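The values are calculated or read from the model by the stated rules, or taken from the named source; none is laboratory data. Model, not experiment: these values are computed from the prediction. Note: ideal-geometry Cβ built from the backbone for every residue, glycine included; neighbour counts use all protein chains shown. Side chains included, ligands, DNA and RNA excluded: accessible areas come from the protein's heavy atoms. Shrake-Rupley method; radii C 1.70, N 1.55, O 1.52, S 1.80 Å.
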Amino acid sequence: LILMAFLDIPKEMASLKAGKWQTGVGVGLRGRMLGIYAYGKIGGVVAGYGKAFGMKVKVWGREGSLARAKADGYSVARNREAFFEECDVISLHLPLIDATRGIVTAADLARMSPKALIVNTSRAGLMGPGVLVNALRAGRPRMAAVDVYEEEPVTDTRHPLLTMDNVICTPHIGYVERDAYEGQFSDIFDQILAYASGKPINVV
C-alpha cells in the first residue's frame with residue numbers, strides 16, 4: 001500500500017490502460033521516515049519491510065512497544081507529537097479495544113506533514129467517525145491507504161474514501177490469502193479432533 005501510494009500505481013495503471021505512458025512522477029521510499037504505531041508482531045514485520053526499502057524507522061506506542069523496538073535497534077519518538085510531525089509514513093498496528101478506540105485523533109493527523117501518508121490495515125475504529133476524511137480534505141496528511149472501514153462490507157461507491165483521489169482503498173483483504181486460511185482451518189480441525197479424542201488442545 002505504501003508503494004502504491006507513493007508511486008501512484010492505481011492512477012498509472014488506469015492511464016496505461018487508457019493508452020497513456022508515465023503520466024506522473026512518483027516519490028521514492030529510501031531515506032523517508034516510516035512510523036510504526038504499536039511495535040508488536042505485525043508492527044515488527046512492517047518495520048523490517050521499511051528497513052529493506054531503505055526507510056528510517058521510528059516507533060510510538062506503549063512502554064512495551066517502545067522497549068521491544070529499542071531492543072531490535074529501532075529509534076522511538078521523543079513524544080507522541082513528534083511522532084506524528086516527523087514521520088513521512090505512519091502505519092497503524094494496534095488492536096481495537098476500548099483503550100484504543102479513537103486513539104488517533106484529528107489533532108494527531110493535523111500534525112502530519114502535507115506530504116505524508118497514513119496507512120490503516122488494523123481497524124477503522126482506531127480513528128473516530130469522519131476523522132480521516134476530514135483530515136484528508138484539510139490536506140494533512142496528503143494521502144491515506146486503508147484496508148478497513150467503519151462499516152463493512154463497503155458496497156456504496158459513494159463512500160467518501162472511495163471518491164478521493166488521494167486514498168488507496170482495498171476491501172479488507174490483508175488477511176484474505178489461501179495460505180492463511182489453510183493454516184487457520186488446519187488448526188481448527190486439529191482442535192476438533194483433539195477434543196473428540198478427549199485430549200483438548202489450545203484451551204483458553
| Separation of the Ala67 and Tyr181 label points, Cα + 7 Å toward Cβ, nm | 4.0
| Using every alpha carbon pair in segment 103-204, what percent of pairs falls into each 10 Å bin from 0 up to the bin containing the largest distance? | 13, 35, 20, 15, 12, 4
| remark: As straight-line cross-link partners of Lys70, the qualifying lysines (C-alpha separation under 28 Å, not fewer than 8 residues apart within one chain) are Lys41, Lys51, Lys56, Lys58, Lys115
| request: Mind ranking Leu1, Leu109, Leu162, Leu193 by accessible surface for me, highest first, 1.4 Å probe? | output: Leu193, Leu162, Leu1, Leu109
| query | Quick one: what Rg and Dmax do you get for the chain from the alpha carbons, in Å? | reply | 19.1, 65
| J(HN,Hα) series, segment 75-83, from Karplus relation 6.51 cos²θ - 1.76 cosθ + 1.60, nearest Hz, glycine and proline x | 7, 10, 5, 4, 6, 4, 4, 5, 4
| query | Can you give the FRET efficiency for Thr170 and Ala194, using 1/(1 + (r/R0)^6), R0 = 25 Å, r = Cβ-Cβ distance, to the nearest 0.05? | reply | 0.10
| query | What are the aspartates and glutamates whose alpha-carbon lies under 13 Å from the alpha-carbon of Lys199, with same-chain residues fewer than 8 places away excluded? | reply | Asp190
| Where nothing but the Cβ of Lys and Arg (+1) and of Asp and Glu (-1) is charged, how large is the charge dipole of segment 1-146 around its Cα centre, in debye to the nearest 20? | 180
| note | In the chain, taking the dipole from +1 charges on Lys and Arg beta carbons and -1 charges on Asp and Glu beta carbons about the Cα centre, the listed residue (Pro129, Ile9, Ala180) farthest towards the positive end is Ile9
